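Step one of this worksheet: look at the structure below.
What follows is calculated from the coordinates using simple rules that are stated; it is not laboratory data. Bear in mind the structure is a predicted one, so any value in this text is a computation, not a measurement. Here the Cβ is made from the backbone with ideal geometry for all residues, glycine too, and neighbour counts use every protein chain on show.
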Amino acid sequence: MSSPPSASASSSPPPCPKKMITLRSSDGATFEIEETAALQSKTLENMIHENCASTLIPVPNITGEVLARVVEFCSKHAEAGVDDESLGAWDEEFVAVDHTTLFDYIRAANFLEIPTLLDLGCQTVADMIKGKTPDEIKKTFKITTACTPEEEEEVRGENQWAFE
Amino acid sequence: MKGAFAESSGTSASAVAESFAEDILIEILLRLPIKSLGRFKCVCKRWWSLISDRGFAKSHLERLKAGDIISSQRIFKTRPLETINYELLDGGIGGEDDRAVVKFHEPRMDDSSWPLELVGSCDGLVCLSVMGYSGFVLYNPTTKKCRNLPSSDHFRPDGFLFGFGYDSRSDDYKIVQSKGRNGFEDAQVVIFSLKSGSWRTTQAKLESHLCLYERGDGVYWKGALHWCGLDRSKEKAEDVIISFDLSEEKLQQLLRLPEVNGDISFEGLGVHGANLFVYHGSYKDCFQAWITSEYGKGGSWTKLYNFTTEGISGYSFWRKIPVAYTRSGKIVFQVDVYRTIMFNPEDNTYKDYPTQCRHDVESTIYMETLISPYLDYEPSRIYSLCTSGLGLNVLVLSFLFS
């Protein structure tokens, strides 16, 4: 399961079939991911290229629960021969979670620089919130910094067009 | 082994979006429709400042242009001022027709005393000239922000040409007006820069064998204004497109027109999605139109419409000007200077939009955007100082629209 140790770096390594990378979450759980899938993350891509000898990468900002799902996402998107429609349906299932989890996926995607997951996550949140009122937004995002009632009224007045 | 991640993992899994990095919140906001963004300005100061930022408005506009443009397009018409959500008439859903037209009630934009004439539309801003006191108005019909602009010293109510558009090189919006009575023949052009708030004169010589087809406003497309014109250098006058590049501020004849047979003269230009649109058949019992997406001599034209209107019962319009196109391929025509109809070229039927008319109506397409006629700053009493880390400062000014 671990890649064979290379005696020297001078000769180009033989192409390894399905090179595996191991990621370790903030709470110590480990997950295996194919290198090709890991390359979906720009962050991991950089680390892999800098550190080709080691295959264990710590990911201290992401919990095991979230990291497991991120690994699943990257692996699915690295799969060959999946048509757009089924991938779309799979993505829809993937983001059918509560919004706290969704925010976790987005943070992970931002941190690991996975454009496809970031786009999917942000678009899902946008679709979820677009019809809400400002008060509902405050609840969803747990925003507590309040404006004065006067300020709120002024902004509302200026943007009345958006409430019609 | 590298522990390359510099960020601390202080936030717990249940930490919520208030701690979202700004760039993530912006990514979410950029994907929201305009009305949602307008409402969400009321959420808190941070959201207000993010959404009010001009950079944000520009990024949002870029996303719109890269995506499904039609869903954010509307028609703006004058006399009286109304906006038309034209796709609604194509919805097939009963009862939507009335909602398709919205009348303005902005007193500043009331055009019953000072007739307003269309100059052009770009990035969600509509430019109008005011006949009464000789000035201009820049208006965003979505956010209802309007700004009065001064006329140039050389303003002529009967000035030949106008145009309004965006110059990407200087990141500025410009109004262009020819000084003379006859197009660009005396080569003097006055240009208003929104950034500087002032007019200046420049030379823009049009080669003597070229002239413009008729008095009119230039169509803004890909950084330049375009008009139909004539090349009289040959025995038979040839139709050409004349462009005024807003960055170079030069007149040139760059675009070729489609190759046609027969008695076709190109009457007008427009915009179809992201393409330039040229048509023939305003005054006839037929209509033909072509589109091109590429600038320059190498660009090729695709025929988009070709139909006859002869024999359609109830159809007796003497003049039709195409304004917009629905997703299903129907055309919105402004007919006979007072009606707006949606024509279906597949079955030769048409429907009227419930618009009003006071006098000769003019129409243009615009996009629903957040772009402000004040560009970076806005006169506002609220949020006098905003320090959200974006470096955006809202100036405290007295609350005047001018």
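Taken residue by residue and averaged, Cβ atoms of other chains lying within 10 Å of the Cβ of A:117-126 number 4. Of the residues A:E153, A:E65, A:E136, the one that moves most in a GNM of chain A with alpha-carbon contacts below 10 Å is A:E153. For the peptide A:33-40, the mean number of other protein chain Cβ atoms found within 10 angstrom of a residue's Cβ is 0.
Our Cα-only numbers for chain A put the radius of gyration and Dmax at 21.1, 72 Å.
A convex hull fitted around the alpha carbon atoms of region B:15-60 yields 70 Å³ per residue.
Inside 10 Å of the C-beta atoms of A:137-145, what's the mean count of C-beta atoms belonging to other chains?
Rounded to a whole number, the mean comes out at 5.
Sorting B:259-265, B:330-336 by their mean Cβ neighbour count within 10 Å, with the most densely packed peptide first, gives B:330-336, B:259-265. Here's the list of aspartates and glutamates a cross-link from B:K205 could span, going by alpha-carbon distance under 16 Å and ignoring same-chain residues fewer than 8 apart: B:E185, B:D186, B:D231, B:D245, B:E248, B:E249.
If R0 is taken as 35 Å, the Cβ-Cβ distance between B:H359 and B:S265 corresponds to a FRET efficiency of 0.80. The distance between label points at A:W161 and B:S170 comes to 2.6 nm (points 7 Å beyond Cα on the Cα→Cβ vector). Spin-label model, B:T202 to B:R99: label points 7 Å out along the Cα-to-beta-carbon direction sit 4.5 nm apart. Working from the Cα coordinates of region B:240-286, the gyration tensor eigenvalues give, after taking √(5λ), semi-axes of 24, 13, 9 Å in decreasing order. Site-free segments of chain A were taken between trypsin sites (Lys or Arg not before Pro) in DSSP loops having at most 14 other Cβ atoms within 10 Å, sites themselves excluded; the longest one is A:19-141.
I need A:I48, B:I28 ordered by Cβ neighbour count within 10 Å, fewest first.
A:I48, B:I28
Computed 3J(HN,Hα) for region B:196-207, one whole-Hz value per residue from the Karplus formula 6.51 cos²θ - 1.76 cosθ + 1.60 where θ = phi - 60°, is 8, x, 9, 9, 8, 9, 8, 8, 9, 7, 9, 3, glycine and proline marked x.
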